[in-house]
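**Q** Take a look at this one; I'll ask things after.
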Amino acid sequence: MDLLNTPAALRIQCRQWRKQGHSIALVPTMGFLHAGHMSLIDEARKRADKLVVSVFVNPTQFGPNEDLDRYPRDLPRDLKLAEEHGADAVFAPEPGAMYEPDHATWVEVPELAKGLCGASRPIHFRGVCTVVLKLLNLVQPDVAVFGQKDWQQLAILKRMARDLNLDAELVGMPIFREADGLAMSSRNVYLTGDERARVPAIRQGLLLMQQRVKDGETDAEQLGLMFRRHIADTLPDARIDYAAFVHPESMAPVARVDKATLLAVAVFIGKVRLIDNILLEG
Ligand code: PAF
């Protein structure tokens with residue numbers, strides 16, 4: 001497995017593979033890999049001859065008061081895991097190699113980014129789109145694999161790929177969960193022992209909403225109130241950033257859950273912000 005640190009080295013390697021007739025898969029990550037990332041890497045491994053995993057804590061998707069500096073990092077461990085799961089190359093650049101000091105070009109999908117995570121993280125998706133487009137341009141993959149935990153991110157990236165006629169197929173993989181239902185996230189390491197024990201209540205709240213919809217409740221406002229009540233009862237110290245019922249592709253709010261609807265939530269517990277979602281079959 002090769003470790004590549006510069007965009008030029010990545011481009012040259014991928015160009016060579018394509019000349020040799022190989023297909024290429026890309027898994028973009030911010031590192032500190034967990035089993036959820038591994039499910040993306042394993043899927044990507046099956047879909048192409050050559051597999052590139054990028055490990056880059058992208059500074060442009062973090063707001064000024066967010067956790068860029070303390071975001072967990074462990075490159076030696078990431079390299080070992082990527083190699084064990086069949087990666088042909090890991091791309092792990094320094095921020096200075098990815099962004100010129102006078103970087104001035106941004107990619108945005110404002111319509112899909114205005115709600116949910118975009119409402120409380122105003123520059124987040126601009127940073128995500130820009131770095132992912134840069135990675136897609138460098139690798140020119142046949143396929144790129146992302147997790148559905150960041151459903152809004154995936155919807156935005158798919159729209160960007162469609163609108164800008166990108167060649168790569170963007171694939172979303174189901175959320176990977178701990179045994180007690182907590183969605184896997186590199187940020188779960190921020191939770192204290194007590195918080196960690198209690199946060200599966202978020203997933204239980206999503207399942208409760210699924211049950212209510214199956215029982216015939218379709219009013220998004222009522223369902224939202226029920227979810228808030230569930231969190232207030234089970235995690236009284238938590239603060240709900242949002243609990244939104246939206247169209248799964250356009251991210252537009254819906255009033256009735258009478259066709260496929262995404263319930264996406266973000267909940268602060270202490271200083272940690274956890275996101276999760278469930279696709280409700282209305
Ligand atoms: O989902 C992530 O880890 C990041 O947002 C991504 C797609 C790797 C871009 O930095």
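**Q** When ranked by the protection proxy of mean other Cβ atoms within 10 Å per residue, highest first, what sequence do the peptides 92-99, 147-154, 266-273 form? Don't skip to the end; give the middle numbers.
**A** Numbers: 92-99: 15.0, 147-154: 22.1, 266-273: 17.6.
My ranking of the peptides, most packed first, is 147-154, 266-273, 92-99.
**Q** Counting only residues 5 or more places away or on other chains, whose amide H sits under 5 Å from the amide H of GLU169 once H atoms are built in the peptide plane?
**A** Counting only residues 5 or more places away or on other chains, the set is VAL143, ALA144.
**Q** Through the Karplus equation 6.51 cos²θ - 1.76 cosθ + 1.60, θ set to phi - 60°, convert the phi angles of the stretch 181-188 into ³J(HN,Hα) values in whole Hz; use x for Gly and Pro.
**A** After applying 6.51 cos²θ - 1.76 cosθ + 1.60, I find x, 4, 5, 5, 7, 4, 6, 4 Hz.
**Q** Given a cut-off of 21 Å, name the pairs among LYS50/LYS149; LYS80/LYS149; LYS149/LYS271; LYS80/LYS271; LYS19/LYS50; LYS50/LYS134 whose C-alpha atoms lie farther apart than that in the structure shown.
**A** Numbers: LYS50/LYS149 25 Å; LYS80/LYS149 24 Å; LYS149/LYS271 19 Å; LYS80/LYS271 31 Å; LYS19/LYS50 12 Å; LYS50/LYS134 19 Å.
Exceeds cut-off: LYS50/LYS149; LYS80/LYS149; LYS80/LYS271.
**Q** Another one. For the stretch 163-282, what is the relative contact order in percent, using Cα pairs closer than 8 Å and at least 6 residues apart in sequence? Let's see the in-between values first.
**A** Details: 165 pairs, mean separation 25.3, N = 120.
Computed value for the stretch 163-282: 21 percent relative contact order.
**Q** Quick query: amide H of SER54 versus all other amide H atoms, modeled in the peptide plane; which residues come in under 5 Å with a sequence gap of 5 or more or a different chain?
**A** The list, which skips near neighbours in sequence, is VAL27, THR29, PHE91.
**Q** Just to confirm a number: summing +1 for Lys and Arg and -1 for Asp and Glu over residues other than ASP180 whose beta-carbon lies under 12 angstrom from that of ASP180, what do you get? Could the numbers behind the result be given before it?
**A** Numbers: positive: ARG177, ARG196, ARG198, ARG203; negative: GLU178.
Here the count lands on +3.
**Q** Moving on. Looking only at the chain, where both bridge partners belong to it, what percent of the DSSP beta bridges are antiparallel (to the nearest 5)? Kindly include the intermediate steps, with their values, before the conclusion.
**A** Numbers: 19 of 38 bridges.
Counting DSSP beta bridges with both partners in the chain, the antiparallel share is about 50 percent.
**Q** Okay, moving on. Assign unit charges at the C-beta atoms only (+1 for Lys and Arg, -1 for Asp and Glu), then state the dipole size of the chain relative to its Cα centre in Debye, rounded to the nearest 20. Let's see the in-between values first.
**A** Details: 34 positive and 37 negative charges, 31 e Å.
It comes to approximately 140 debye.
**Q** How high is the relative contact order of the chain, given as a whole-number percent (alpha carbon pairs under 8 Å, six or more residues apart)?
**A** Computed over the chain, the figure is 17 percent.
**Q** Could I ask something else about it? When ligands, DNA and RNA are left out and all protein chains stay put, how many square angstrom of accessible area per residue does the stretch 1-81 have with a 1.4 Å probe? Don't jump to the answer; show the numbers that get you there.
**A** Details: 3890 Å² over 81 residues.
About 48 Å² of surface per residue is accessible.
**Q** Pull up all non-local amide H partners of GLY282: gap of 5 or more, or a different chain, and H-to-H distance under 5 Å with H placed in the peptide plane.
**A** Under 5 Å from the amide H of GLY282: LYS259, ALA260, THR261.
**Q** Per DSSP helix of 4 or more residues, -39500 (n - 2.57); summed, then divided by the residues of the chain. What does that give at 222 nm, rounded to the nearest 500?
**A** Values: 11 runs with 114 residues, N = 282.
Helix contribution divided over all residues of the chain: -12000 deg cm²/dmol.
**Q** Right, something else. If you plug each phi of the stretch 93-110 into the Karplus form 6.51 cos²θ - 1.76 cosθ + 1.60 with θ = phi - 60°, what whole-Hz ³J(HN,Hα) values come out, in order, with x for Gly and Pro?
**A** Couplings: x, 7, x, x, 7, 8, 10, 5, x, 10, 3, 9, 10, 10, 10, 9, 10, x Hz.
**Q** Here's something else I'd like to know. Starting from the Cα of LYS114, draw a straight line to each of the aspartates and glutamates and keep only those under 19 Å, dropping any in the same chain fewer than 8 residues away.
**A** The reachable aspartates and glutamates, counting only those whose Cα sits under 19 Å from LYS114, are GLU66, ASP150, ASP163, ASP241, GLU249, ASP276.
**Q** Right, another one. Considering the dipole of the chain built from charges on the beta carbon (Lys and Arg +1, Asp and Glu -1) around the Cα centre, which of LEU164, MET1, HIS124 is farthest to its positive end?
**A** It is LEU164, whose Cα lies furthest towards the positive end.
**Q** Hey, any idea what Rg/Rh is for the stretch 1-137, computing Rh the Kirkwood way over Cα pairs?
**A** On the way: Rg = 15.5 Å, Rh = 15.9 Å.
When Rh is taken as the Kirkwood radius, the ratio is 0.97.
**Q** Here is a further query. Taking the chain as the reference, fit the longest principal axis to its C-alpha atoms, fit the long axis of helix 200-214 to the helix C-alpha atoms, and give the angle between the two in degrees, 0 to 90, nearest 10.
**A** Approximately 70 degrees, to the nearest 10.
**Q** For the chain, build the convex hull from the C-alpha positions and give me its volume per residue in Å³. Please report the intermediate quantities before stating the final value.
**A** Numbers: hull volume 36.8 nm³, N = 282.
For the chain, the hull spanned by Cα atoms encloses 131 Å³ per residue.
**Q** Any chance you could run the full-extension gain for ASP167 through ALA255? It's 0.36 nm times the residue separation minus the Cα-Cα distance, nm to one decimal. Mind dumping the intermediate values first?
**A** Working: separation 88, 0.36 × 88 = 31.68 nm, distance 3.50 nm.
Between ASP167 and ALA255, full extension yields 28.2 nm more.
**Q** When the Karplus curve 6.51 cos²θ - 1.76 cosθ + 1.60 is applied with θ = phi - 60°, which whole-Hz ³J(HN,Hα) does each residue of the stretch 132-139 get, with x for Gly and Pro?
**A** For the stretch 132-139, the Karplus-derived couplings read 5, 5, 4, 5, 5, 5, 6, 8 Hz, x marking Gly and Pro.
**Q** Over the stretch 153-282, with the other protein chains present, what is the accessible area per residue in square angstrom, probe 1.4 angstrom?
**A** Working: 6370 Å² over 130 residues.
Result: 49 Å² of accessible area for each residue.
**Q** Helix 220-234: angle to the longest alpha-carbon principal axis of the chain, degrees 0 to 90, nearest 10?
**A** The answer is roughly 90 degrees.
**Q** If you fit an axis through the alpha-carbon atoms of helix 151-163 and take the longest principal axis of the Cα set of the chain, what angle between them do you get, 0 to 90°, nearest 10?
**A** Tilt relative to the chain: about 50 degrees.
The values are calculated or read from the model by the stated rules, or taken from the named source; none is laboratory data. Because the structure is a prediction, the values reported are computed rather than measured. Neighbour counts run over all protein chains shown; Cβ positions are idealised from the backbone, glycine included. Protein only, heavy atoms only, side chains kept; ligands, DNA and RNA dropped before computing areas. Shrake-Rupley method; radii C 1.70, N 1.55, O 1.52, S 1.80 Å.
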